[in-house]
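The values are calculated or read from the model by the stated rules, or taken from the named source; none is laboratory data. Note that the structure is a prediction, hence the values are computed from the model and not measured. Using ideal geometry, Cβ is built from the backbone for each residue, glycine included, and neighbour counts are taken over all protein chains shown. Quick note on the areas: whole protein, heavy atoms, side chains included, nothing else; ligands and nucleic acids left out. Shrake-Rupley method; radii C 1.70, N 1.55, O 1.52, S 1.80 Å.
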Amino acid sequence: MLNTLDSSQATAYPEIIQGGMGAGVSNWRLANAVAKRRQLGVISGTALDTILIRRLQDGDEGGHMRRAMAAFPYQEMVKPILRDWFIDGGKPIDETYKLKPMPTADMLREDEELLIVANFVEVYLAKEGNTGMVGINLLEKIQLPTLPSLFGAMLAEVDVVIMGGGIPLGIPGALDKMSQLQPVEMKLNVITSDRSQEFLTSFHPGTHVSAVQEPLKRPLFFAVISSDILAKTLVKKASGQVDGFVIEHYNAGGHNAPPRRGDAYSERDICSVEKVAALGLPFWMAGGCASPQDLRQAKEAGACGVQVGTAFACSEESGITDQIKTEIIQQHRAGTLNVITDFKASPTGYPFKRVEVEANSGRDACRACDLGYLRHVYAKDDGTLGYRCPASPRKPFINKGGTSEEAEGKHCLCNGLLATIGMGQVRRGTAVQPLVTWGEDMRFLDPILGSHKSSYSANDVIDYLLA
Ligand SMILES: Cc1cc2nc3c(=O)[nH]c(=O)nc-3n(C[C@H](O)[C@H](O)[C@H](O)COP(=O)(O)O)c2cc1C
């Protein structure tokens, strides 16, 4: 059933949003299965450039990447990517993946184009064979790849952009401009002692497409929020129209908003649904909402429905390796699944939910920095920009002005999350260990799985939620 809330645009809002889950957990396969059911399937746009080149280095089994790339309207961008990254039959399993340069503010044209094509590919495949809605999820904390990523998704006619992990004030206006193929500038969050200085990143869609390119559809923009104050700020101060909200509880998987006080969540961290509802925009409830009762209650509170993550992360279509999914199901059944909120692990500084699995027990966390998505941007004394990640090796981090307190307890999310989807780097013959993020609420599992099944599909999740 669809909620029609905006008759002027005849927009039909879904009851279920399959939450964006990076990196590569909510992939095109999962979003496609959800969109086919006419609910909102969301691909994660995080690190898609690396994910595309690793899929190509793995031989692109099934030819999906190449099929989507063949549909890309500007083949001159596609050719060098295939030439440089595709390995027929795939690289040997114990061989190191070739890396692309880490994201910077002055990205090379070819790196922008890789982002454009990678995001096009993921949205294109999520939309293939259905007429449902497809969204892209990006994190405000990862700013450098954002504009080319959004543009690539828009070339594939993405319907919705969902952003959390910060206050994405600049994005709605950027979507307006990019849909008209106009140049965009976005404020960069830069660590600097001189507060008066402003740093910008810019992107010009027109330089990547032909003169006859028609304007693109401007996707809806939904912000993930955990406080009504943030919702109000976005409505008032965003650079363009905010079209809806996802209200996320702190029990949700992935990153969470930091608690208002100290290192523990309390009643104070629960968002006032009434105040968000009073803003008059559509909204969805997220975090421990994966049941038909929660869906009903959300609607009674004025929401269009719920955004669900963990239940989809555990489904057959998600990017997480079967081994990890199976182990998590077994741990849950044995009563040993322990989801912790780790206040230190993430280089973003945000709390991060994680679970231990066999593959990462008793080994040191990876501290190499070769993907660089979560590097902090800082202003050097000479006014140029530098990049440092608190999860990288300590010495260079501190030499670049970082502190040992910042580095304490940090994990390399970039490499750990890619290992979780079976694309971990191999260094000197050893695979990087996975880092698995998960939500606290697993009540959905028994009703969906019953006592006999050992796995379930995205369809099963939707059937259960709509029961
Ligand atoms: C494995 C996993 C990865 C996630 N990654 C992201 C992400 O990259 N961006 C984001 O906005 N939310 C992320 N989330 C949060 C989900 O989009 C969703 O809001 C949340 O999972 C809802 O709560 P639930 O897990 O209890 O269903 C992630 C959640 C999980 C379980």
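In this structure, the residue pairs whose Cα-Cα separation is over 18 Å, taken from 141/410; 100/177; 36/127; 141/380, are 100/177; 141/380.
Given R0 = 41 Å, the distance between the Cβ atoms of residue 404 and residue 64 translates into a calculated FRET efficiency of 0.40.
Using a probe radius of 1.4 Å on heavy atoms only, what accessible surface per residue do you get for the stretch 87-196? Whole Å² is fine. List each step's numbers first, then the result.
Values: 4410 Å² over 110 residues.
For the stretch 87-196, the per-residue accessible area is 40 Å².
Length available on full extension from residue 368 to residue 300: 0.36 nm per residue minus the Cα-Cα distance, which gives 19.7 nm.
Pick out, in residue order, every one of the trypsin sites (Lys or Arg not before Pro) in the stretch 359-423 that is DSSP loop and has at most 13 other C-beta atoms within 10 Å; say none if there are none.
363, 380
The alpha carbon gyration tensor of the stretch 16-172 gives principal lengths a ≥ b ≥ c with a/c of 1.5 or higher and a/b no greater than b/c, which makes the shape oblate. Within the stretch 229-280, the percentage of alpha carbon pairs spaced more than 15 angstrom apart rounds to 53%. Placing dummy labels 7 Å off each Cα toward the beta-carbon, the span from residue 268 to residue 381 is 4.0 nm. Shown for the chain: the carbon plus sulfur share of the solvent-accessible area, taken with all protein chains present and a 1.4 angstrom probe, equals 50%. Here is the size of the stretch 59-145 from its Cα atoms: Rg then Dmax, 14.5, 40 Å. Within straight-line reach of residue 325, meaning a Cα separation under 17 Å, sit the following lysines at least 8 residues removed in sequence or on another chain: 353, 453.
A simple spin-label model places pseudo-atoms 7 Å from Cα toward Cβ; at residue 217 and residue 193 they are separated by 5.1 nm.
When a/c reaches 1.5 or more, the comparison of a/b and b/c decides; with that in mind, is the stretch 305-408 rounded, prolate or oblate per its Cα gyration tensor? Judged from the Cα gyration tensor, the stretch 305-408 comes out prolate (a/c at least 1.5, a/b above b/c). Secondary structure note: in the stretch 281-389, about 70% of the DSSP beta bridges are antiparallel. Other residues lying with their Cβ under 11 Å from the Cβ of residue 279 contribute a combined charge of +1, Lys and Arg counting +1, Asp and Glu -1.
Look at the Cα gyration tensor of the stretch 372-422: its axes a ≥ b ≥ c give a/c of at least 1.5 with a/b at or below b/c, and that counts as oblate. In summary, the convex hull built on the alpha carbon positions of the stretch 184-332 has an orientation-averaged projected area of 14.2 nm².
Calculated [222 nm] ellipticity per residue, helices only, for the chain: -8500 deg cm²/dmol; basis is -39500 (n - 2.57) per DSSP H run with n ≥ 4, divided by all residues, nearest 500. To the nearest Å, what is the center-to-center distance of the stretch 290-356 and the stretch 118-174, using C-alpha atoms only? Spelled out, the Cα-based centre of one part sits 22 Å from the other. The antiparallel fraction among DSSP beta bridges confined to the chain stands at about 40%. Annotation: lysines with alpha-carbon distance below 19 angstrom to residue 98 (same-chain offsets under eight excluded): 79. Label positions at residue 104 and residue 322, each projected 7 Å from the Cα along the C-beta direction, are separated by 4.2 nm. Taken over the C-alpha atoms, the stretch 245-389 has Rg and Dmax values of 18.7, 58 angstrom. Relative to the current alpha-carbon distance between residue 330 and residue 232, full extension at 0.36 nm per residue lengthens the span by 31.0 nm.
For the chain, the alpha-carbon radius of gyration amounts to 0.92 times the rule-of-thumb value 2.2 N^0.38 Å expected for a compact globular protein. Counting only residues at least eight positions apart within a chain, or on another chain, the lysines with an alpha carbon under 16 Å from that of residue 236 are 275.
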